[in-house]
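Chemist: A single structure is presented below for examination.
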Protein chains: 2
Amino acid sequence: MAKDKQFVTEITPQGEDFSRWYIDVIKKAELMDYSPVRGCIVFRPEGYELWENIQRELDSRFKETGHRNAYFPIFIPESFFQKEKEHVEGFNPELPWVTEAAGEKLEERLAIRPTSETMFGHMYAKWIQSYRDLPLLINQWANVVRWEKRTLPFLRTSEFLWQEGHTAHEDEKDARAETMQMLEIYRDFVEGFLAIPVIVGQKTPSERFAGAVDTFSIEAMMKDGKAVQAGTSHYLGTKFAVAFDIKFLDRENNLQHAHTTSWGVSTRLIGAMIMVHGDDRGLALPPKVAPTQAVMIPIGPAKTRDAVIARVDELYAELKKAGVRVRVDDRSDVSPGWKFNEYEMRGIPLRIELGPRDMENGQIVLVSRISGEKRIIAQDQLVEEVGRMLEQIHQEMFERALNFREENFKAVDTLDEMKTFMEAKRGFVEAGWCGSDACERQVKEETGATSRNIPFEPRQRKSTCLVCGDAATDTVVFARAY
Amino acid sequence: MAKDKQFVTEITPQGEDFSRWYIDVIKKAELMDYSPVRGCIVFRPEGYELWENIQRELDSRFKETGHRNAYFPIFIPESFFQKEKEHVEGFNPELPWVTEAAGEKLEERLAIRPTSETMFGHMYAKWIQSYRDLPLLINQWANVVRWEKRTLPFLRTSEFLWQEGHTAHEDEKDARAETMQMLEIYRDFVEGFLAIPVIVGQKTPSERFAGAVDTFSIEAMMKDGKAVQAGTSHYLGTKFAVAFDIKFLDRENNLQHAHTTSWGVSTRLIGAMIMVHGDDRGLALPPKVAPTQAVMIPIGPAKTRDAVIARVDELYAELKKAGVRVRVDDRSDVSPGWKFNEYEMRGIPLRIELGPRDMENGQIVLVSRISGEKRIIAQDQLVEEVGRMLEQIHQEMFERALNFREENFKAVDTLDEMKTFMEAKRGFVEAGWCGSDACERQVKEETGATSRNIPFEPRQRKSTCLVCGDAATDTVVFARAY
């Protein structure tokens, strides 16, 4: 009853108010709800299952590349943050502090982890003595907390879920290879599994992770033209090794500092997925991550109903056996049309309809959530065709997102040109940059856009800085960002 | 190098000092390490993988019975604890408090969750309006914190990992059926997967979960005769529904309070597994949960080495394909004897040896970690025989644990009889009880044992209370407990 009522509420069109559209959709599809704690959301089952599917896929990729999972304490002693200067400056403003426990004041305040380089660093110093202990490749799936001023469900919440990989290596070459390997795993996963095209590149110094030597990211464009940083991989050099005394005897019996990396993706991937693929009808879930890939809906009058449902059940069993995540909605108290709307709103990639006429002809109907394409096929082709169509839907979603990005992407020569573009349509801009913080800051002040990254494969390599006109050291992608 | 050094450290024999044995084993096998935060441990990969295997198995059982996962905030506003009186009394003494965040004092203190009945209660009140919204069956895998005075790795730590199921139902009957269903899932899992026999029963009122109407538990005996509560399932009646206003319109259109349950198991299962099965040689892991079920060790002189290793690799591929979690240790810088000791210490259920003589005869050797039994079999029988032997090892481990428990279990009539038994050997006692808190307390004061539960299937139903001699209302299992 409550649900029916909720459902008839309209979704604000994207073109009218993108932010309201986003909130309408994630609430209506029951992905999340607001919690009574400031900036924290509840991940409801429909939303959490997206995270479970992301976890399962990424976890297997991490393990294939030799990483193992572990779990480190959520509490980080205040003194740990003091050990790496840039790190404390970067994270201190966002930390929540436990100051009392079991009725007593603590001698040392404990931060709730915003990230765990310091705790891993402390333990790695105990575990690593020799080059034979390296590389040490550990990942952690955990909750982390950053007391953000402005929050947005999935994209920026005070508590969120993520994975953080922390590795230690004999030398810079190995550590940099790891940094790049994980960045490539993220790119391949986000493009190949979530159907989100990304720009791969290096962060400018001002946007680096606090304490990193180099930070690399993948950046995605949302349907409002804003950017989401979808994953980062950091080469930390020996900074944390020096701060936490991670030393080992190398192959020549010399004491060396280890080179470390860290890398992570979070539940903000869920938000990105929604903002890249969703439309005015609601969610559109990429088939590989969708908890339900196909929904089967029997149609037609009461007198043929039992026979149709019996056949749907047979075909359901075949799909299930073939590994398709499928469900049947055979409720008789809501109309097929109502169901069509509901599953479109929930973003189920594929709808399968069977009615009495289809029964007579040995046919069945497939409808794509993303393109609306309708295919009438022979029932004995169902398993094969569903597989093919899900793959095609994935491709289409990726290509639509890529086309959208390219339409809203412009290489510019000057700040004025950038401003004109950003006023006409929000989007990404690529431009030459002289490498100075001042020019980067000026772009931000005048356009609201920050440097996203220095793409490995820029569209056009620019020779002059868009702000000062001096020789460009890099070609940078700028955008407003979540 | 560091590892070799660590390995030669002896393990304290169980008979000499069981607690030291436990710590020696879990550190040497690299299951955990102490963290710099009081009472918190690091779950190292070897230990965490046990938890991953427990999670995977339990999670599939939860989902088969219609539960879905979600994630709720780790922070619980102080006012929430005030809403259920018994709950606050039970948990308040153990709570850590966040009082400041991002440089400001919070208006309301936030507890780190020790359990989430209150947060689920608050959200369920929003989501449940009609009987059609019921039952609501949600589970959460999460970290929780209880600021314990005395801690012990895995068994009692300030932060630990667990799952907590929270369900809401139309009436008492449904909610009680759920409570019992989950208790039975726990029993079946702990006995069938971890090879730990348990006593299933109901907690006495003094040992109930804070805020429950009835608490049920499974209790296991460690090798030192002490008990570990391995899982609990609670029927909460309408207590939390009243406190948090979880109301729904029933089938007759009357407004009713929902009946709720909660149930959980935690990483203490890892500690229980070790204390039930381990021996003076180290860990002994039950095959179904063991990250590595079998280790293959090529033996013999250098001149036959390549041929032996080649054959081991072929057989490894066969086992792997059959789904056995197997690894090969073909290092040539440590002796087979050293490896045998290492893998025994690490508790790998099955060792597989292949030497030049076995090659000639087309044979291969299997050795059980638990019984030491050695089987020489034809190589073409390997996959089948490994499967059989792993199953047999599971059975043997369960039976050994069961026999040990029965040898250390006594039905008694009087407190004196109990004291004599508990002085001679630590163990479990079953006795009649009149139902009074005073008698239960006297048992504890004079023996250190607490009531574990009122078993559903007592060995002997006793007619008089072991303390006061009055008519017994129940037959209770008493034991010292972790």
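Only the coordinates and a few stated rules stand behind these numbers; no lab work does. Owing to the predicted nature of the structure, the values given are computational and were not obtained by experimental measurement. Note that we place each Cβ from the backbone using ideal geometry, even for glycine, and neighbour counts take in every protein chain shown.
Chemist: Sort A:81-89, A:59-67, A:221-229 by the packing proxy (mean of other Cβ within 10 Å over each peptide's residues), most packed first.
Modeler: For the peptides A:81-89, A:59-67, A:221-229, the packing ranking is A:221-229, A:81-89, A:59-67.
Chemist: Going by how many other Cβ atoms sit within 10 Å of their own, how do A:Glu104, B:Glu399, B:Glu219 line up, fewest first?
Modeler: In order of increasing Cβ crowding within 10 Å: A:Glu104, B:Glu399, B:Glu219.
Chemist: Within 10 Å of each Cβ of B:91-104, how many other protein chain Cβ atoms are there on average? Before the final figure, lay out each step's value.
Modeler: Numbers: counts 0, 2, 2, 3, 5, 9, 8, 11, 7, 7, 12, 11, 6, 1.
Across B:91-104, the average partner-chain Cβ count within 10 Å equals 6.
Chemist: Let me ask something else about it. For a quick check: with amide H placed at 1.01 Å from N, whose amide H comes under 5 Å from A:Leu354's, ignoring anything fewer than 5 positions away on the same chain?
Modeler: Amide H neighbours of A:Leu354: A:Ile297, A:Ile299.
Chemist: Ordered shortest first, which distances in nm separate the 7 Å Cα→C-beta label point of B:Glu30 from those of the other copies?
Modeler: Output for B:Glu30: 4.5 nm, nearest copy listed first.
Chemist: With charges set only on the Cβ (+1 for Lys and Arg, -1 for Asp and Glu), what does the dipole of the protein assembly as shown come to about its Cα centre, in debye to the nearest 20?
Modeler: Numbers: 128 positive and 154 negative charges, 14 e Å.
Around 60 debye, computed over the protein assembly as shown.
Chemist: Further question: Where the only charges are on Cβ atoms (+1 Lys, Arg; -1 Asp, Glu), what is the dipole of chain B about its Cα centre, to the nearest 20 debye?
Modeler: Working: 64 positive and 77 negative charges, 128 e Å.
Result for chain B is approximately 620 debye, rounded to the nearest 20.
Chemist: Another question, then. Where q = 0.10, 0.11 Å⁻¹, what log10 of I(q)/I(0) comes from the Debye formula for region A:15-277, counting one point per Cα?
Modeler: Debye intensities relative to I(0), on a log10 scale: -0.52, -0.63.
Chemist: Under a Cβ-Cβ cut-off of 14 Å, what is the net charge of the residues other than B:Ile370 that fall near it, where Lys and Arg count +1 and Asp and Glu count -1?
Modeler: Counting the neighbours of B:Ile370, the net charge comes to +2.
Chemist: Could you give the C-alpha radius of gyration of region A:190-348 expressed as a fraction of 2.2 N^0.38 Å, taking N as the number of residues it contains? Provide the component values of the computation, followed by the final result.
Modeler: Details: Rg = 24.8 Å, N = 159, 2.2 N^0.38 = 15.1 Å.
Taking N as the residue count of region A:190-348, the ratio is 1.65.
Chemist: Among bridges DSSP assigns within chain A, what percent are antiparallel (round to 5)? The partial results should precede the final answer.
Modeler: Numbers: 70 of 85 bridges.
The antiparallel proportion sits near 80 percent.
Chemist: I need the inter-copy label distances for A:Glu64: point set 7 Å along Cα to C-beta, values in nm with one decimal, smallest first.
Modeler: Output for A:Glu64: 2.9 nm, nearest copy listed first.
Chemist: Give me a comma-separated list of calculated 3J(HN,Hα) values for region B:258-268, in order, Karplus coefficients 6.51, -1.76, 1.60 applied at θ = phi - 60°, integers in Hz, x for any Gly or Pro.
Modeler: Listing the rounded values in order: 6, 9, 10, 9, 8, 7, x, 10, 9, 5, 5 Hz.
Chemist: Against the longest alpha carbon principal axis of chain A, how many degrees, from 0 to 90 and to the nearest 10, is the axis of helix A:336-345 turned?
Modeler: 10 degrees
Chemist: Also: Using only alpha carbon pairs under 8 Å that are at least six residues apart, calculate the relative contact order of chain A and give it in whole percent.
Modeler: Across chain A, relative contact order equals 13 percent.
Chemist: If the label for A:Ala307 sits 7 angstrom from Cα along the Cα-to-Cβ line, what are its distances to the same label in every other copy, in nm to one decimal, shortest first?
Modeler: 7.1
Chemist: Please state the shape class of region B:34-152: rounded when a/c is under 1.5, otherwise prolate if a/b exceeds b/c and oblate if not, all from the C-alpha gyration tensor.
Modeler: Verdict is oblate for region B:34-152.
Chemist: Exceeding 24 Å between C-alpha atoms, which entries from my cross-link table qualify? They are A:Lys105/B:Lys239; A:Lys28/A:Lys288; A:Lys223/A:Lys288; B:Lys173/B:Lys226. Don't skip to the end; give the middle numbers.
Modeler: Numbers: A:Lys105/B:Lys239 32 Å; A:Lys28/A:Lys288 22 Å; A:Lys223/A:Lys288 21 Å; B:Lys173/B:Lys226 35 Å.
Correct reply: A:Lys105/B:Lys239; B:Lys173/B:Lys226.
Chemist: Another question, if that's okay. With +1 on each Lys and Arg Cβ and -1 on each Asp and Glu Cβ, how big is the dipole of region A:364-423 about its Cα centre, in debye rounded to the nearest 20?
Modeler: 260 debye
Chemist: Over the whole of A:71-83, what's the average partner chain Cβ count within 10 Å per residue? Rounded to a whole number, please.
Modeler: Mean number of neighbouring Cβ atoms from other chains: 5.
Chemist: How do B:Arg113, A:Arg375 line up, fewest other C-beta atoms within 10 Å first?
Modeler: Values: B:Arg113 23, A:Arg375 14.
Ranked by crowding around the Cβ, least crowded first: A:Arg375, B:Arg113.
Chemist: Kirkwood hydrodynamic radius of region A:294-390 from all distinct Cα pairs, in Å? Present the calculation step by step, with values, prior to reporting the outcome.
Modeler: Values: mean 1/r = 0.0752 Å⁻¹.
Hydrodynamic radius (Kirkwood, Cα pairs) of region A:294-390 is 13.3 Å.
Chemist: Can you list the residues, at least 5 places off or on another chain, whose amide H is less than 5 Å from the amide H of B:Asp279, using H built in the peptide plane?
Modeler: When sequence neighbours closer than 5 places are left aside, the close amide H contacts are B:Ala284.
Chemist: A follow-up question, please. Taking the DSSP beta bridges in the protein assembly as shown as the whole, what percent of them are antiparallel, to the nearest 5? Show your work: numbers first, answer last.
Modeler: Values: 147 of 177 bridges.
Rounded to the nearest five, the antiparallel share is 85 percent.
Chemist: Still on this structure: For region B:194-204, just list the computed ³J(HN,Hα) in residue order, Karplus coefficients 6.51, -1.76 and 1.60, θ = phi - 60°, integers in Hz, with x standing in for Gly and Pro.
Modeler: The phi angles translate into 9, 6, 10, x, 10, 9, 9, x, 9, 6, 6 Hz.
Chemist: What residue among A:Ala294, A:Pro356, A:Ala322 has its Cα farthest toward the positive end of the dipole of region A:277-375, where the charges are +1 on Lys, Arg and -1 on Asp, Glu, each on the Cβ?
Modeler: Farthest along the dipole direction, towards plus: A:Ala322.
Chemist: Roughly how many whole Å is it from the C-alpha centroid of region B:77-93 to that of region A:261-318?
Modeler: Measuring centre to centre over Cα atoms gives 41 Å.
Chemist: Quick one: angle between helix B:415-424 and the longest Cα principal axis of chain B, in degrees between 0 and 90, rounded to 10, please.
Modeler: 20 degrees
Chemist: Taking a ≥ b ≥ c as the square roots of the eigenvalues of the Cα gyration tensor of region A:99-210, is the shape rounded (a/c under 1.5), prolate (a/b larger than b/c) or oblate? List each step's numbers first, then the result.
Modeler: Numbers: a/c = 2.22, a/b = 1.15, b/c = 1.94.
In terms of gyration-tensor shape, oblate.
Chemist: For chain B, take the longest principal axis of its alpha carbons; what is the angle in degrees between that and the long axis of helix B:172-192, to the nearest 10 within 0 to 90?
Modeler: For helix B:172-192, the angle is close to 20 degrees.
Chemist: For chain B, what are Rg and Dmax over the alpha carbons, in angstrom?
Modeler: 25.3, 84
Chemist: If you don't mind, another one. Output the peptides A:154-165, A:241-252 sorted from most to least packed, where packing is the average of other Cβ atoms within 10 Å over each peptide's residues.
Modeler: On the way: A:154-165: 22.2, A:241-252: 17.8.
Ranking the peptides A:154-165, A:241-252 by packing returns A:154-165, A:241-252.
Chemist: Give the Rg (one decimal place) followed by the Dmax (whole number) of the protein assembly as shown, computed from C-alpha coordinates and expressed in Å.
Modeler: In Å, with Rg to one decimal and Dmax whole: 30.3, 97.
Chemist: Oh, and also: If one computes the Cα centroid of region A:154-232 and of region B:24-62, what distance in Å separates the two points?
Modeler: 28 Å
Chemist: Mind running the shape call on region B:441-482? Use the C-alpha gyration tensor, a ≥ b ≥ c as the square roots of the eigenvalues: rounded below 1.5 for a/c, prolate if a/b tops b/c, oblate otherwise.
Modeler: The shape class here is oblate.
Chemist: So which aspartates and glutamates can B:Lys444 reach, going by Cα to Cα under 15 Å and dropping same-chain residues fewer than 8 places off?
Modeler: By straight Cα distance, B:Lys444 reaches B:Glu207, B:Asp416, B:Glu417, B:Glu423, B:Glu430.
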